[in-house]
Amino acid sequence: MKKYLITAVLIICMATFAAGCGGEDSATHHDLTVLSGPVFEALLNELAYNAREYVGDTVFIRGEYVVLHNDDDKTACQHFILNWDAAGCCPIMLRFRISDSLCPVDFPEVLDVIEVFGEIRAHVVDGRTLFHYIAAESMEIVN
């Protein structure tokens with residue numbers, strides 16, 4: 001009898017633990033720095049083209065730094081991390097934002113290899129999502 005009671009308690013504990021995992025509100029961490037080849041490209045494309053499915057998840061990614069300046073305001077700029085598809089012909093860029101507290105004194109040079117870690121978020125204006133980006137918690141120059 002004691003054996004069955006312990007088994008029942010263990011099953012209840014495991015079921016309770018499993019119920020808390022993988023729910024809709026649980027965030028996932030995607031470390032693209034450990035991936036390569038088709039798996040890397042597939043997840044990168046998924047993050048680039050279906051970002052709304054990953055809002056709230058964190059991502060750690062390595063790629064080349066690209067910055068685009070606004071024509072009207074030369075101080076306003078958009079930061080991107082650039083990777084290439086397997087054929088090397090098509091760029092895949094993910095936008096990221098750096099908080100004022102993280103802004104480095106010296107930004108990377110264009111095409112420097114960087115690593116970015118942060119949460120995927122949506123930029124919403126008047127109830128409409130305009131784009132998705134990585135809210136960078138860290139950015140480091142690798143090369």
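Read-outs throughout are calculated quantities, based only on the coordinates presented, and are distinct from any laboratory measurement. The structure presented is a predicted model; accordingly, all values stated were derived computationally and were not measured. Note that we place each Cβ from the backbone using ideal geometry, even for glycine, and neighbour counts take in every protein chain shown.
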Residue list for the range 123-143, restricted to those being over 11 Å from the mean Cα position of the chain (by Cα) and in a strand (DSSP E or B): HIS123, VAL124, VAL125, ARG128, THR129, LEU130, PHE131, SER138, MET139, GLU140, ILE141
I'd like the full set of residues that are out of contact with any strand residue (DSSP E or B) (no Cβ under 6 Å at 6 or more places or on another chain) and not in a helix (DSSP H, G or I), limited to the range 39-60. ASN50, GLY56
Restricting the range 61-95 to residues that are of a type in the set (Asp, Glu) and not in a strand (DSSP E or B), which is surrounded by the most Cβ atoms within 10 Å (Cβ to Cβ)? ASP85
